[in-house]
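First the structure, in the form of structure tokens, and then the observations on it.
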Amino acid sequence: MQNKCWPQPDKIWPMEPIQTERMAASPETLPELPIRPASLKDVGGIHRLLQCYSDRDILLPRPESDIYHSLREFKVVEWNGKIIACCALQIFTRTLGEVRSLAVTPEYAGLGFGRRLVGVVEQEARQIGLSKLMALTYEVRFFSNAGFEVVEMSVLPEKVWSACINCHKFRNCDEIAVLKTLSP
Ligand SMILES: CC(C)(COP(=O)(O)OP(=O)(O)OC[C@H]1O[C@@H](n2cnc3c(N)ncnc32)[C@H](O)[C@@H]1OP(=O)(O)O)[C@@H](O)C(=O)NCCC(=O)NCCS
């Protein structure tokens, strides 16, 4: 069955926008939507948004219970009562944090929400004193634009041995690790 949140099943990037929705949210007409901390009422919307991508194996699936547990890590963008973008900062160690569950609804891709969310998460990481920020992703160009560098997974043993080891992709992971140094 076709997933309703996807305008075109086989097209990931560049996305074909859904014209009616996108016109309502073009850069000219879209207000500078705030990025805000997630609250309990957002859990369903975050879950649906992440599921759009986990159904296609682009993001790891996260059950709603996991989103409740991690809710305080999430930032969201809401438009017309719908969560259109989200991102979480997960802390691993004294020095390392991860940009996790970054997703922008396909209809709103390319409007700068992804970049702004990564900027907010990075700022928060700096404020709390993290010195390194990582992500596992297929979107290497997006992260390079944001100042991240591709690294070997072995550079991130904290991640591999605390989280990846429990992942169903552990032995066949094809995601690419990217890292940004925030302070020496
Ligand atoms: C990757 C993603 C978050 C980008 O969000 P977005 O809001 O569309 O991106 P932005 O509009 O902020 O784009 C920022 C820059 O990255 C570029 N960019 C965005 N997605 C890109 C992609 N897939 N490939 C190459 N460049 C990309 C934009 O052109 C823009 O470049 P500029 O700075 O030169 O103008 C979004 O496409 C998405 O949700 N992807 C699926 C989920 C995913 O892979 N998440 C990352 C896992 S950690």
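A short reminder: the numbers here are calculations on the coordinates, not readings from a lab. These figures come from a predicted structure and were not determined experimentally. Here the Cβ is made from the backbone with ideal geometry for all residues, glycine too, and neighbour counts use every protein chain on show.
Cβ-to-Cβ counts within 10 Å put Thr95, Thr181, Thr105 in ascending order as Thr181, Thr95, Thr105, the fewest first.
Rounded to the nearest whole Hz, the Karplus-based 3J(HN,Hα) values (6.51 cos²θ - 1.76 cosθ + 1.60, θ = phi - 60°) of segment 112-122 follow the sequence x, 5, x, 5, 5, 5, 5, x, 5, 5, 5, with x at glycine and proline. With all pairs of separate Cα atoms included, segment 19-181 yields a Kirkwood hydrodynamic radius of 16.3 Å. Rounded to whole numbers, the Karplus 3J(HN,Hα) couplings from phi for segment 72-85 are 6, 8, 8, 10, 9, 10, 10, 9, 6, x, 10, 7, 9, 7 Hz, using 6.51 cos²θ - 1.76 cosθ + 1.60 with θ = phi - 60°, and x at Gly and Pro. Sorted fewest first by neighbouring Cβ atoms within 10 angstrom, Met134, Met153 come out as Met153, Met134. Taking Lys and Arg as +1 and Asp and Glu as -1, the other residues whose beta-carbon sits under 14 Å from that of Ile46 total +3. Rounded to the nearest 20 debye, the dipole size of segment 107-149 about its Cα centre is 100 debye, using +1 on the Cβ of Lys and Arg and -1 on the Cβ of Asp and Glu.
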